[in-house]
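Note sheet for the following structure.
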Amino acid sequence: MQDIEILGNTQKGIDFVKKVENKKFVFSLVISYTATCEIPGITVAGANPDLLKFTAAADAEFLHYGYCKSIDAIPMTPDGKPTPALLTKTALEAASIPSFVVNAGSKIVPKLPCLEIGLEPGKNIAQEPGLDQDSVKKAVEYGRIVGRSLGSSTDCLIIGESIPGGTTTALAVMTGLGVHATVSSSMPENPILLKKQTVQSALKRLESKDPYDIISQLGDPMIPTVAGILGTASESTNVILAGGTQMAAVLAFAKHIGFNETNTALGTTSYIINDKTANLVELIKQISDIPILVAKLKLGESKISGLRSYAEGFVKEGAGAGGASIACMLKTGIGSEKLLLLTEREYNRVISQ
């Protein structure tokens with residue numbers, strides 16, 4: 001398909017697309033929290049710092065209701081940049097793809113039915129371990145149960161995430177696991193120096209090369225949960241890890257606990273691929289031979305400035321937007337021009353509320 005680019009292992013990507021084209025998809029959004037996001041200047045997620053704790057729950061609620069229940073606000077920045085959940089919702093509805101929310105330590109529990117992992121929110125890794133050892137083991141174990149159930153119900157499971165500040169914990173985890181990593185940002189000016197300083201503070205505590213210890217000291221609850229889901233789901237079905245550098249951290253950990261690479265692809269937006277501060281293609285190559293599927297969205301051609309901002313370096317990806325868009329295209333044959341029109345319609349519906 002002309003609106004999906006295949007990077008990395010091209011042949012594997014072509015084979016993966018053939019396996020899932022016109023087939024059945026299920027979408028899962030894993031929501032979580034890390035207090036690392038409270039470090040001033042590290043993320044733009046949430047209109048202000050007090051709203052950060054609501055980000056993941058708001059994304060989940062918006063996906064299902066088209067508005068938020070936990071917070072009386074439209075999920076976009078004050079100047080009109082919408083949550084990427086708007087792109088996800090548009091794509092899922094256009095292709096009639098069912099979706100599930102997995103709560104893996106969100107600070108606010110969304111007001112909707114969700115699969116509950118039973119984890120505490122992650123702590124600020126600059127100051128203390130992100131989560132305790134038992135929580136890491138529980139996240140993997142419960143994630144495997146969820147992955148087995150969701151994987152058996154579909155031809156392709158898409159896994160997205162929503163966790164403010166998650167690129168910083170992703171950078172820490174990949175560094176701890178020996179991956180030479182850079183990560184993207186929801187801002188045009190990536191605060192990479194601040195992220196690296198945070199990671200260096202956390203690394204001082206690390207005294208072990210055990211992957212579970214690395215996640216405990218440097219990670220967040222989302223990473224081991226998604227790795228667990230991937231582990232079992234990829235044994236029975238195809239899996240699209242929907243996201244950017246945070247899913248690279250998931251892959252880096254999953255390499256140690258096991259998953260089926262043949263049935264796995266990463267799905268993202270062209271805006272992540274175009275981010276020069278985070279070379280995602282080279283990053284994935286360090287970790288795994290899986291293909292990268294890229295949704296070539298046309299938000300830069302939108303009449304709406306908030307949507308054009310994605311092509312200008314803001315937000316770029318999140319809430320599984322790239323993977324959901326790819327799934328929509330593969331299931332229905334809808335192209336990015338039609339998807340843009342549907343996204344604009346959804347945007348206008350939201351701002352008229």
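Quick one: net charge around Val179, please, counting Lys, Arg +1 and Asp, Glu -1 for every other residue with C-beta under 12 Å from its C-beta.
On the way: positive: Lys255, Lys285; negative: Glu282.
Charge balance in the 12 Å sphere: +1.
Quick one: check the C-alpha center-to-center distance for the stretch 287-325 versus the stretch 249-263, whole angstrom.
24
May I ask you to compute the full-extension gain from Leu51 to Asp15, defined as 0.36 nm times their residue separation minus their alpha-carbon distance, rounded to one decimal in nm?
Numbers: separation 36, 0.36 × 36 = 12.96 nm, distance 4.22 nm.
Extra length available between Leu51 and Asp15 comes to 8.7 nm.
How large is ³J(HN,Hα), in whole Hz, for each residue of the stretch 82-98 in order, when computed from phi with the Karplus curve 6.51 cos²θ - 1.76 cosθ + 1.60 and θ = phi - 60°, using x for Gly and Pro?
Using θ = phi - 60°, the values come out as x, 4, x, 4, 5, 5, 4, 4, 4, 5, 5, 5, 4, 10, 6, 9, x Hz.
Less than 14 Å Cβ to Cβ from Lys24, Lys/Arg counted +1 and Asp/Glu -1: what total charge do the surrounding residues give?
So the surrounding residues net to +1.
Considering the dipole of the stretch 4-351 built from charges on the beta carbon (Lys and Arg +1, Asp and Glu -1) around the Cα centre, which of Gly178, Leu241, Leu299 is farthest to its positive end?
In the stretch 4-351, that residue is Leu299.
Across the chain, how large is the tail of the calculated P(r) beyond 38 Å, expressed as a percent of all Cα pairs? Walk me through the numbers on the way to the answer.
Numbers: 3744 of 62128 pairs.
Across the chain, Cα pairs with separations above 38 Å total 6 percent.
As an exercise, identify the trypsin sites (Lys or Arg not before Pro) in the stretch 121-219 lying in DSSP coil whose Cβ has no more than 16 other Cβ atoms within 10 Å. Before the final figure, lay out each step's value.
Working: sites: Lys123, Lys137, Lys138, Arg144, Arg148, Lys195, Lys196, Lys204, Arg205, Lys209; in loops: Lys123, Lys204, Arg205, Lys209.
Counting only loop positions with at most 16 other Cβ atoms within 10 Å, the trypsin sites (Lys or Arg not before Pro) in the stretch 121-219 are Lys204, Arg205, Lys209.
Only loop residues by DSSP count here, and only those with at most 14 other Cβ atoms within 10 Å; note down the trypsin sites (Lys or Arg not before Pro) in the stretch 268-344 that meet that. Provide the component values of the computation, followed by the final result.
On the way: sites: Lys276, Lys285, Lys296, Lys298, Lys303, Arg308, Lys316, Lys331, Lys338; in loops: Lys276, Lys296, Lys298, Lys303, Lys316.
Passing sites in the stretch 268-344 are Lys276, Lys303.
Can you list residues whose amide H is under 5 Å from Asn9's amide H, if they're 5+ apart or on another chain and H is modeled 1.01 Å from N?
For Asn9, the qualifying residues are Ile292.
When you count, for each residue, the other Cβ atoms within 10 Å and take the mean per peptide, how do 91-98, 255-262 rank with the highest first?
Details: 91-98: 19.2, 255-262: 16.5.
Peptide ranking by packing, descending: 91-98, 255-262.
With unit charges on the beta carbons (Lys and Arg positive, Asp and Glu negative) and the dipole taken about the Cα centre of the stretch 4-351, which residue among Val250, Ile6, Val350 sits farthest to the positive side?
Ile6
If we count other beta carbons within 10 Å of each Cβ, what is the order of Asp220, Asp275, fewest first? Please list the in-between numbers first.
Numbers: Asp220 35, Asp275 22.
Final ranking by Cβ density, sparse to dense: Asp275, Asp220.
I want the local charge near Glu344. Using Cβ-Cβ distances under 15 Å, sum +1 for each Lys or Arg and -1 for each Asp or Glu among the other residues.
Values: positive: Lys81, Lys89, Lys298, Lys303, Arg308, Lys338, Arg345, Arg349; negative: Glu93, Glu301, Glu337, Glu346.
My count for the surroundings of Glu344 gives +4.
With a 10 Å Cβ neighbour count serving as the proxy for reagent exposure, in which order, fewest first, do Cys37, Cys114, Cys328 appear?
Numbers: Cys37 25, Cys114 20, Cys328 28.
With the sparsest Cβ surroundings first, the list reads Cys114, Cys37, Cys328.
Using the Karplus equation 6.51 cos²θ - 1.76 cosθ + 1.60 (θ = phi - 60°), what ³J(HN,Hα) coupling, rounded to whole Hz, does each residue of the stretch 275-289 give in order, writing x for Gly and Pro?
Result, rounded to whole Hz: 6, 6, 7, 9, 7, 5, 4, 5, 4, 5, 4, 5, 9, 7, 9.
Treating only the Cβ of Lys, Arg, Asp and Glu as charged (+1, +1, -1, -1), what charge dipole size does the chain show about its Cα centre? Round to the nearest 20 debye. Don't skip to the answer; put the middle values down first.
On the way: 33 positive and 35 negative charges, 74 e Å.
Result for the chain is approximately 360 debye, rounded to the nearest 20.
Which of Leu51, Leu280 comes first, and how do the rest follow, when ranked by fewest Cβ neighbours within 10 Å? List each step's numbers first, then the result.
Values: Leu51 15, Leu280 26.
Placing the least packed residue first, the sequence is Leu51, Leu280.
Since every read-out is calculated from the coordinates, none of them should be taken as a lab result. Treat the numbers as computed from the prediction; the structure is a model and nothing was measured. Glycine gets a Cβ as well: all are built from the backbone with ideal geometry, and neighbour counts include every protein chain shown.
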